[in-house]
Amino acid sequence: MGGRAFSFRLLYCGTFSQFRSGRQTPSVPLRVGLKLSSLIKLIVRVGSGLNHPLSCYRSRLVSQFLSALLSLLCLSQEYTVDVFFRQSWKDERLKFHGPMNILPLNNLMASKIWTPDTFFHNGKKSVAHNMTMPNKLLRIMEDGTLLYTMRLTVQAECPMHLEDFPMDSHSCPLKFGSYAYTKTEVTYIWSRNASQSVDVAPDGSRLNQYDLVGQSVGKETIKSSTGEYTVMTAHFHLKRKIGYFVIQTYLPCIMTVILSQVSFWLNRESVPARTVFGVTTVLTMTTLSISARNSLPKVAYATAMDWFIAVCYAFVFSALIEFATVNYFTKRGWAWDGKSVISDKKKEAAITKKNNAYAVAVANYAPNITKDSTLPTISKCALGNLNKTTAETKPEQNKKTFNSVSKIDRISRIMFPVLFGSFNLVYWATYLNREPVIKDLDPSK
């Protein structure tokens, strides 16, 4: 669990009322205005005999949180917070007068007087720090007000709705209240309004994957077989940072789709190259889709990233199907045919033999015969025509028939990029401009 986080201050107040029927009354009578020495003797002598305050004075029970959020785990949907838990309440029996206004006591005295039995309702695990000594502080004011501070590390639940992952926002609650006393015996109320009850330090929210966008407080009542209990709740509204997922998932998916569309610009006869493009990109998208789910709990619904990967996979697979379609309608005239090659060689041999016959006929004129001035011209014309015929024949022998660019490829070169670009515009405009959906999770709203 790494990363530093935020600190906050939580204040609440409450009143204590008299015990109802069936409750044991305190064994110590109410005495107001003890001397300082008498008060210490009373605490030491009575020990744990100081129970719930008998007096029904309307006093303020104030609690203060100074905490640092250590981590937030999406996979297990829980977070860990380091809390300096400060509680303050008033006990009329502990009023005193003496040379000092504040009486500091060690942590052993905390077990000898009454303290609120506050606990965390959604806490999975809580640890009290004891190094090098128990991290506790107890002070008694002259008017009977007590300040009790202890350091805790609380591992609490944080329910998450991941439909918008990784552009999601969450409201992580920290719920606390009395364990044994019902709301008729111990009542918690916020001493300030909702905007001032939780105070976050400027450098307190430094989680690696989240930003603190706000905080709020609430109050609710839960019912059980033993009665109704007051539960105080502080909500911490967090928004996930998308940078990590852009680098690890979104950019590779976009580049894979673009790579699959390169095959549209290859020759339709380049079967091996286009096959490699199609199969490789499909396998790459499969790997990316599997790795993207590793950091998420196994939820039964699709997240925003799942939809993006699914559309990218559809584009890549469509590019492979497009190549298969183009290849199916491609003519095979350019392929090697053994019979046609043998036939061409026979034609070449026949033409060569015919040319030799013309040459012999021209050369067999008798030397004593005066050649007509037109004969050389005829001979040259004949040979010229033969050479011309041979020259025209050879290119036809070596000529291969290639297919033109497929009409399907021409359409795909334009349609695929336009559709993919339009999808990205709609996708990012929808999710990046969406307001954090966190108020619905706050019972105080």
- Looking only at region 286-313, count how many residues are in contact with a Pro (Cβ under 9 Å, 6 or more places away or on another chain) and not in a loop (DSSP other than H, G, I, E, B). 3
- Output the number of the condition that CYS253 fails; it satisfies all remaining conditions of (1) buried (at least 20 other Cβ atoms within 10 Å of the Cβ); (2) more than 21 Å from the chain's Cα centre (by Cα); (3) assigned to a helix (DSSP H, G or I). (2)
- Going by the structure shown, is PHE176 outside the structural domain of PHE416 (by the TED database), buried (at least 21 other Cβ atoms within 10 Å of the Cβ), at pLDDT below 85 and not β-branched (Val, Ile, Thr)? no
- Counting just the residues of region 131-148 that are of a type outside the set (Val, Ile, Thr) and not in a strand (DSSP E or B), which one comes out surrounded by the most Cβ atoms within 10 Å (Cβ to Cβ)? GLY144
- Task: Return the only residue of ILE247, ILE254 being touching a residue at least 12 places away in the same chain (Cβ under 8 Å) and among the hydrophobic types (A, V, I, L, M, F, W, C).
- Result: ILE254
- Among the residues of region 123-138, write down those that are under 14 Å from ALA110 (Cα atoms) and touching a Phe, Trp or Tyr at 6+ places or on another chain (Cβ under 8 Å). LYS136, LEU137, LEU138
- Task: Give region 212-241 a look and list any residue that's β-branched (Val, Ile, Thr), crowded, with 16+ Cβ neighbours inside 10 Å and closer than 27 Å to SER169 by Cβ, or say none.
- Result: VAL217, VAL231, THR233
- Note on the structure: Residue pairs within 6 Å by beta carbon, gap of at least six or interchain, first lying in region 104-130 and part of a strand (DSSP E or B), second aromatic (Phe, Trp, Tyr) and surrounded by 17 or more Cβ atoms within 10 Å (Cβ to Cβ), listed first then second, are THR118/PHE176; PHE120/PHE176
- region 283-297, subset crowded, with 17+ Cβ neighbours inside 10 Å and more than 13 Å from the chain's Cα centre (by Cα), residue nearest to SER76 (Cα to Cα): SER289
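The values are calculated or read from the model by the stated rules, or taken from the named source; none is laboratory data. All values reported here derive from a predicted model rather than from experimental measurement. Quick reminder, even Gly has a Cβ in these numbers, built from the backbone with ideal geometry, and neighbours come from all protein chains shown.
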